[in-house]
1. Would you point out the residue of segment 41-94, among those that are among the hydroxyl-bearing types (Ser, Thr, Tyr), farther than 23 Å from Glu134 by Cβ and surrounded by 12 or more Cβ atoms within 10 Å (Cβ to Cβ), that is nearest to the chain's Cα centre (by Cα)?
2. Looking only at segment 95-117, which residues are buried (at least 17 other Cβ atoms within 10 Å of the Cβ) and farther than 25 Å from Pro148 by Cβ?
3. Where the second residue is among the charged types (D, E, K, R) and the first is free of Cβ contacts under 8 Å to residues at least 24 places away in the same chain and lies in segment 82-104, which pairs have Cβ atoms under 9 Å and are six or more apart or on separate chains?
4. Output the residue which, of all residues in segment 9-40 that are modelled with pLDDT under 80, polar (S, T, N, Q) and outside any loop (DSSP other than H, G, I, E, B), is surrounded by the most Cβ atoms within 10 Å (Cβ to Cβ).
5. Identify the single condition in (1) in a strand (DSSP E or B); (2) at pLDDT 90 or above that Thr92 does not satisfy, given that it satisfies every other one.
6. Given the conditions (1) aliphatic (A, V, I, L, M); (2) out of contact with any Leu (no Cβ under 8 Å at 6 or more places or on another chain); (3) under 16 Å from Lys75 (Cβ atoms), and given that Ile128 satisfies all but one, which numbered condition is not satisfied?
7. Are there any pairs with C-beta distances below 9 angstrom linking a residue in segment 125-140 that is in contact (Cβ under 8 Å) with a residue 40 or more places away in the chain and outside any strand (DSSP E or B) to a residue that is loosely packed, with under 14 Cβ neighbours inside 10 Å and not small (Gly, Ala, Ser), with the two at least 6 apart or on different chains, and if so which?
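The values are calculated or read from the model by the stated rules, or taken from the named source; none is laboratory data. Every value quoted in this text rests on a predicted model; they were computed, and no experiment measured them. Don't worry about glycine lacking a Cβ; one is built from the backbone with ideal geometry, like all the others, and counts go over all protein chains shown.
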Amino acid sequence: MKAATMAARLCGIGLTILGLSACDNNKCMYGTIVGPYNQTLKVNGTVSSEDGNHVENATIEVKYPTGPNSSSLMKEGEIGNDGIYDIEIKETGMHEVLDRPLRVVCKPSKDSGLEADSTDVQLSTTEISTGNFESIATANFHLKKKKP
C-alpha cells in the first residue's frame, strides 16, 4: 500500500472520530445520529358539510403526501357524531423527528351525497422532555355536495 493511500485512510478515520465526539445530548454536528426519539403525532379537526351541518360516518386517513411512503396509510380514524375527530399516532425508537407535512384525507360515507376532500398540514413540534416530542396539526373540512 502506498504511503499516500495509508495517510488518506488515517485522516478519514480521524475525521470520523472527531465527528462522533462533537455530539452531545442536545446537538449533533456532521449529521451523526443521536436518537432514538419518541414522537406523538396528533391530528384533529372538524368535518361539516357546505351548509354547516356536522358530518357523521366519515373516515379520516393520515398519510405522507410525498416520498417513498406516500401511498402508505399511517393511521385511520372515525368521526364522532359531533363531526369532531382526533387521531393520535405514536412513533418510538425513531432516529429523526418527523417534521415534514402530512396529508389528511376525509372520506364521507358513500350514501352521504358528499365529495371526499384532502389537505396537507404542517406539524407544530414541541420537545416535551429529553427525547420525547409531541407534534400537532389541525385540519377542518367543509365537504361539498356531489354534483348529479
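1. In the first step, residues of segment 41-94 are kept if they are among the hydroxyl-bearing types (Ser, Thr, Tyr); the result is 46, 48-49, 59, 64, 66, 70-72, 85, 92.
So of that shortlist, the ones also farther than 23 Å from Glu134 by Cβ come out as 48-49, 59, 66, 70-71.
Filter once more, keeping what is surrounded by 12 or more Cβ atoms within 10 Å (Cβ to Cβ): 48-49, 59.
Numbers: Ser48: 24, Ser49: 27, Thr59: 18 Å.
Filtering first and then ranking leaves Thr59.
2. Once the filter is applied, which keeps residues that are buried (at least 17 other Cβ atoms within 10 Å of the Cβ) and farther than 25 Å from Pro148 by Cβ, segment 95-117 yields Leu98, Leu102, Arg103, Val104.
3. Filtered contacts from segment 82-104: no entries.
4. Selected residue: Thr16.
5. Status for Thr92: all satisfied but (2).
6. For Ile128, the exception is condition (3).
7. If the second residue must be loosely packed, with under 14 Cβ neighbours inside 10 Å and not small (Gly, Ala, Ser), the pairs left are Thr130/Asn25; Thr130/Asn26; Gly131/Asn25; Gly131/Pro36.
Each row is one residue, and each column tells you yes or no for (1) modelled with pLDDT of 90 or more; (2) within 18 Å of Thr119 (Cα to Cα); (3) in contact with a His (Cβ under 9 Å, 6 or more places away or on another chain).
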{"residue": "Thr46", "(1), (2), (3)": "yes, yes, yes"}
{"residue": "Glu50", "(1), (2), (3)": "yes, yes, yes"}
{"residue": "Asn57", "(1), (2), (3)": "no, no, no"}
{"residue": "Lys63", "(1), (2), (3)": "no, yes, no"}
{"residue": "Ser72", "(1), (2), (3)": "no, yes, no"}
{"residue": "Lys75", "(1), (2), (3)": "no, yes, no"}
{"residue": "Glu78", "(1), (2), (3)": "no, yes, no"}
{"residue": "Gly83", "(1), (2), (3)": "yes, yes, yes"}
{"residue": "Val97", "(1), (2), (3)": "no, no, no"}
